[in-house]
Amino acid sequence: MRRLTIPLALPLAMVAAIGLGACSQTSQRVGGGAAIGAGVGVVGTALTGGCIPCGAAIGAGAGAVGGYIYDQHKKGRL
């Protein structure tokens, strides 16, 4: 399984980056926040021995909310 995941990770990351490049600024900030949050959630739960998919989902949600709040702040709406 490990041999299959590593070659698939790079093309999927490239597709995600290209997809975010075509989005609005708000979508880019929300998507970027979600990606960073998911990564932090995975690392945090891996270090503490928790449920890794749960940490990724919670981190992605928190990151998306954070990205949206940051976007609204930059636009002067908060």
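Of all the residues in segment 19-49, those that are surrounded by fewer than 14 Cβ atoms within 10 Å (Cβ to Cβ) and either under 10 Å from the mean Cα position of the chain (by Cα) or not polar (S, T, N, Q) (or both) number 7.
How many residues does segment 55-65 hold that are more than 9 Å from VAL30 (Cβ to Cβ) and surrounded by 16 or more Cβ atoms within 10 Å (Cβ to Cβ)? So the count comes out to 6.
Just to be sure before I move on: is GLN72 surrounded by fewer than 15 Cβ atoms within 10 Å (Cβ to Cβ), assigned to a helix (DSSP H, G or I) and of a type in the set (S, T, N, Q) in the structure I sent?
In short, yes.
Might you let me know whether segment 39-57 holds any residue that is modelled with pLDDT of 90 or more and closer than 22 Å to LEU78 by Cα? No, that holds for no residue. If the condition is being in a helix (DSSP H, G or I), more than 21 Å from ALA22 (Cα to Cα) and among the hydrophobic types (A, V, I, L, M, F, W, C), then segment 32-68 contributes ALA38, VAL40, VAL42, VAL43, ALA46, LEU47, ILE52, CYS54, ALA56, ALA57, ILE58, ALA62.
The values are calculated or read from the model by the stated rules, or taken from the named source; none is laboratory data. Note that the structure is predicted; figures quoted are calculated from it, not measured. Virtual Cβ from ideal backbone geometry, glycine too; neighbours counted across all protein chains shown.
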